[in-house]
Amino acid sequence: MAISKWKTCASEYLVKRPWATLRVDECELPDGRVASEYYVLEYPNWVNVVAITEDEKVIMVRQYRHSANIVSIEIPGGVIDDGEKPVDAAKRELLEETGYLFKDFEQVSCIYPNPATSNNVTYCFLATGGKKVQEQALDEHEDIDIEFYSIAEVKEMLLKNQIPQALHVTGLMYGLLKLGELK
């Protein structure tokens, strides 16, 4: 049997803020049943980057994540601004969070963080040839330490479950595959 899309009959916004929006939809399913309260989180689209410096080090960032109450090691990334191309957001985020410019960018994945409950997309890039050109230019609530790892060290961190951010693990896996580091 073919899977069909649902028909949205009505939508109501319960929360509408710059960083998160919650709406409730009434949907008609293909067989005629009605889902009267289907909740959808709307977020801006995101970007993250597997960033490799000129000397073959992977740039990772360590920062506190309040919702999970953890200090997390991640790859650089952030929100794509309105009207901004994903690759331009990747370049901007790298420069802001790390102070590095990169020679080459290649998109390695486009994934949905949680398509059951949210509508946004995360684009992941592999950036190579990074060189430091400035100090960090962090946003108001960012406190980020920059760390450098060999590819072998990153692979070991993945095997030991030391990178807790699922979207960043996914990005690293796609980036490492692109580099021929996973078989």
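The values are calculated or read from the model by the stated rules, or taken from the named source; none is laboratory data. Quick caveat: nothing in here was measured; it's all calculated off a predicted structure. Quick reminder, even Gly has a Cβ in these numbers, built from the backbone with ideal geometry, and neighbours come from all protein chains shown. Accessible surface is based on the protein model in full, side chains and every heavy atom, while ligands, DNA and RNA are left aside. Shrake-Rupley method; radii C 1.70, N 1.55, O 1.52, S 1.80 Å.
The table below lists the values:
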{"item": "Criterion violated by L182 - all others in (1) surrounded by 15 or more Cβ atoms within 10 Å (Cβ to Cβ); (2) over 18 Å from the mean Cα position of the chain (by Cα) satisfied", "result": "(1)"}
{"item": "Scan of the stretch 80-138 for residues that are basic (K, R) and either within 18 Å of V169 (Cβ to Cβ) or open to solvent by 70 Å² or more (accessible area, probe 1.4 Å) (or both), ordered by number", "result": "K85, K91, K103, K131, K132"}
{"item": "First in the stretch 17-33 and touching a residue at least 24 places away in the same chain (Cβ under 8 Å), second anywhere and among the polar types (S, T, N, Q), Cβ under 6 Å, 6 or more apart", "result": "P30/S4"}
{"item": "Residues (touching a residue at least 12 places away in the same chain (Cβ under 8 Å), touching a strand residue (DSSP E or B) at 6+ places or on another chain (Cβ under 6 Å) and either of a type outside the set (K, R) or closer than 25 Å to V79 by Cα (or both)) located in the stretch 1-13", "result": "W6, T8, C9, A10, S11, E12"}
{"item": "Residue in the stretch 117-126 that is out of contact with any helix residue (DSSP H, G or I) (no Cβ under 7 Å at 6 or more places or on another chain) and not in a loop (DSSP other than H, G, I, E, B) present", "result": "yes"}
{"item": "Selected residue [surrounded by 14 or more Cβ atoms within 10 Å (Cβ to Cβ) and at pLDDT 95 or above] from V34, V49, V15", "result": "V49"}
{"item": "Test: residue in the stretch 131-143 that is on the phi < 0 side of the Ramachandran plot and in contact with a Cys (Cβ under 9 Å, 6 or more places away or on another chain)", "result": "no"}
{"item": "All positions within the stretch 127-149 that are more than 17 Å from V50 (Cβ to Cβ) and part of a strand (DSSP E or B)", "result": "K132, D145"}
{"item": "Subset of the stretch 66-77 that is closer than 16 Å to W46 by Cα and out of contact with any Phe, Trp or Tyr (no Cβ under 7 Å at 6 or more places or on another chain) - its residue that is surrounded by the most Cβ atoms within 10 Å (Cβ to Cβ)", "result": "I75"}
